[in-house]
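One structure below.
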Amino acid sequence: MRRIALTGGIATGKSTILRRLQQHGIPTIDADVLAREVVRPGTVASAAIRERFGGLLFTADGELDRKALGALVFREPEARHALEAIVHPEVYARITAWFGGLPPSTPLAVADIPLLFETHREQDFDVVIVAACDPAEQVTRLMRRDGLTEAEAKQRIEAQWPIGEKVNRADYVIWTDGTPAATAEQVDALTAKLSV
């Protein structure tokens, strides 16, 4: 089985690419979904976050207040690194278990991991695909999608490696600046190439 990582910057079109891969019948897993699962009430990570940051980041029913947490970690790099040290090992353990649980005959499977390069885990994969678009487009998408101000959007983008750096380290790049059809065409062509 070829273990493939899909990465890129925030709002570069990873989810769109992942959906297209799924349409080809390729097994996929999303690190962002796993990150939400590992911090649910009663988990080891939830307890560690409460211990590190206190109860102010939790709702009355014990759920992590993602908006409050996001505001904190994108404002304070130390807080972001502390959170990542708690969450990332749990997420990677689940990704590893997921790959291990797939049928041995599976030709390829894809893990969507936004912070792949930032966590220095690219060597865990046979192929790295980067979703990329112009940084100005990232800002526009974030403002539209998440209701952020331009300054907030730029702050979140700057918390990750520059997209150009990720492009330089990629095995393959899918550009998402164009139409959805153009993105799909690139995914289709790459799927055919990787499936050989």
Of residues in region 168-196 being charged (D, E, K, R) and free of Cβ contacts under 8 Å to residues at least 60 places away in the same chain, the one surrounded by the fewest Cβ atoms within 10 Å (Cβ to Cβ): K193
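Taking region 46-70 only, how many residues are out of contact with any Pro (no Cβ under 9 Å at 6 or more places or on another chain) and either surrounded by fewer than 18 Cβ atoms within 10 Å (Cβ to Cβ) or among the small types (G, A, S) (or both)?
Let us first name the residues in region 46-70 that are out of contact with any Pro (no Cβ under 9 Å at 6 or more places or on another chain), namely 46-57, 59-60, 65-70.
So of that shortlist, the ones also either surrounded by fewer than 18 Cβ atoms within 10 Å (Cβ to Cβ) or among the small types (G, A, S) (or both) come out as 46-48, 50-52, 54-56, 59-60, 65-68, 70.
Looking only at that region, the number is 16.
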Pick from region 73-118, criterion among the acidic types (D, E), part of a helix (DSSP H, G or I) and surrounded by 14 or more Cβ atoms within 10 Å (Cβ to Cβ), ranking: modelled with the highest pLDDT: E90
Helices (runs of 4 or more DSSP H) contained entirely in region 131-196, each with at least 2 residues that are of a type in the set (K, R): 135-146, 150-158, 163-169
Test: residue in region 10-27 that is over 18 Å from K193 (Cβ atoms), basic (K, R), modelled with pLDDT under 95 and touching a strand residue (DSSP E or B) at 6+ places or on another chain (Cβ under 9 Å): no
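From the list E150, E165, which residue is without any contact (Cβ under 8 Å) to a residue 40 or more places away in the chain, surrounded by fewer than 16 Cβ atoms within 10 Å (Cβ to Cβ) and outside the structural domain of F74 (by TED's automatic domain parsing)? First the steps, then the outcome.
Numbers: E165 fails: without any contact (Cβ under 8 Å) to a residue 40 or more places away in the chain.
Result of the check over E150, E165: E150.
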Breaking point among (1) touching a Leu at 6+ places or on another chain (Cβ under 9 Å); (2) in the same structural domain as A93 (by TED's automatic domain parsing), for I17: (2)
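Among the residues of region 179-196, what is the count of those that are of a type in the set (A, V, I, L, M, F, W, C) and over 15 Å from I4 (Cα atoms)?
Within region 179-196, the first condition is being of a type in the set (A, V, I, L, M, F, W, C), and the residues that meet it are 181-182, 184, 187, 189-190, 192, 194, 196.
Then keep just the ones that are over 15 Å from I4 (Cα atoms); that gives 181-182, 184, 189.
Summing the residues that are of a type in the set (A, V, I, L, M, F, W, C) and over 15 Å from I4 (Cα atoms) in region 179-196 gives 4.
Condition test on R2, is it loosely packed, with under 14 Cβ neighbours inside 10 Å, in the same structural domain as P135 (by TED's automatic domain parsing) and at pLDDT 95 or above? Give the derivation first.
Values: loosely packed, with under 14 Cβ neighbours inside 10 Å: yes; in the same structural domain as P135 (by TED's automatic domain parsing): yes; at pLDDT 95 or above: yes.
For R2, the condition - loosely packed, with under 14 Cβ neighbours inside 10 Å, in the same structural domain as P135 (by TED's automatic domain parsing) and at pLDDT 95 or above - is met.
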Residue in region 5-45 that is surrounded by the fewest Cβ atoms within 10 Å (Cβ to Cβ), counting only those that are in a helix (DSSP H, G or I) and among the basic types (K, R): R19
Scope region 45-76; condition among the aromatic types (F, W, Y) and touching an Asp or Glu at 6+ places or on another chain (Cβ under 9 Å); matching residues: F58, F74
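The values are calculated or read from the model by the stated rules, or taken from the named source; none is laboratory data. Just so you know, these numbers come straight off a predicted model, no measurement behind them. Backbone-built Cβ (ideal geometry, glycine too); neighbour counts: all protein chains shown.
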